[in-house]
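Chemist: Take a look at this one; I'll ask things after.
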Amino acid sequence: PIWYKMFANLCQEIDDFFGYDMGYPTKGFQWAQVKEKFGTLRAYYDVDKLDGKGSEKLREIIDKYEKMSAKTCEECGEVGELRNATGWYTTKCDKHYEELLKERKERFGEDD
């Protein structure tokens, strides 16, 4: 999925943050969980020895990418929208959302 590139950019920004902005070794940071939930990217982490200002900056970086995922089609990377696809949240552009609805209707006989 296209979000892999977004996640790679997130990781690079975190590496830059730890390596240059704060002077902390990356050794204290690790991902606890990364997933898609309710149609957006969710990233949870553990970190040692990070002060309040550093914690705030780290959360800002991750929040930026989580918000970006709610506007980026998970299929193609074009501008997307967070939508309810018959009970399942997904972020897709108009084209991929219509394809999803068509597929679900064919597969499960669901209405739009």
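Chemist: Which residue pairs have Cβ atoms closer than 8 Å, lie 6 or more positions apart in sequence or on different chains, and pair a first residue in the stretch 98-112 that is more than 15 Å from R83 (Cβ to Cβ) with a second residue that is at pLDDT 80 or above?
Modeler: Qualifying pairs under 8 Å: D111/K105.
Chemist: Name every residue in the stretch 70-112 that is under 15 Å from E36 (Cα atoms), open to solvent by 100 Å² or more (accessible area, probe 1.4 Å) and either over 20 Å from the mean Cα position of the chain (by Cα) or of a type in the set (K, R) (or both), in order of residue number.
Modeler: K71 - this is the single residue of the stretch 70-112 that is under 15 Å from E36 (Cα atoms), open to solvent by 100 Å² or more (accessible area, probe 1.4 Å) and either over 20 Å from the mean Cα position of the chain (by Cα) or of a type in the set (K, R) (or both).
Chemist: Identify, from the list L100, L41, L50, the residue that is assigned to a helix (DSSP H, G or I), at negative phi and not β-branched (V, I, T).
Modeler: Testing whether each residue is assigned to a helix (DSSP H, G or I), at negative phi and not β-branched (V, I, T) leaves just L100.
Chemist: Moving on to the next point. Can you name the condition, by its number, that I61 falls short on among (1) surrounded by fewer than 12 Cβ atoms within 10 Å (Cβ to Cβ); (2) part of a helix (DSSP H, G or I)?
Modeler: Looking at each condition in turn, I61 falls short on (1).
Chemist: So Y20 ticks every box in (1) on the phi < 0 side of the Ramachandran plot; (2) modelled with pLDDT of 85 or more but one. Which box is left unticked?
Modeler: With (1) on the phi < 0 side of the Ramachandran plot; (2) modelled with pLDDT of 85 or more applied to Y20, the lone miss is (2).
The values are calculated or read from the model by the stated rules, or taken from the named source; none is laboratory data. Computed from a prediction, not measured in an experiment: that's the story for all the values here. Because the Cβ atoms are built from the backbone with ideal geometry, glycine has one as well, and the counts that use them run over all protein chains shown. For the accessible areas, the whole protein counts, side chains as well, though only heavy atoms, and no ligand, DNA or RNA atoms are used. Shrake-Rupley method; radii C 1.70, N 1.55, O 1.52, S 1.80 Å.
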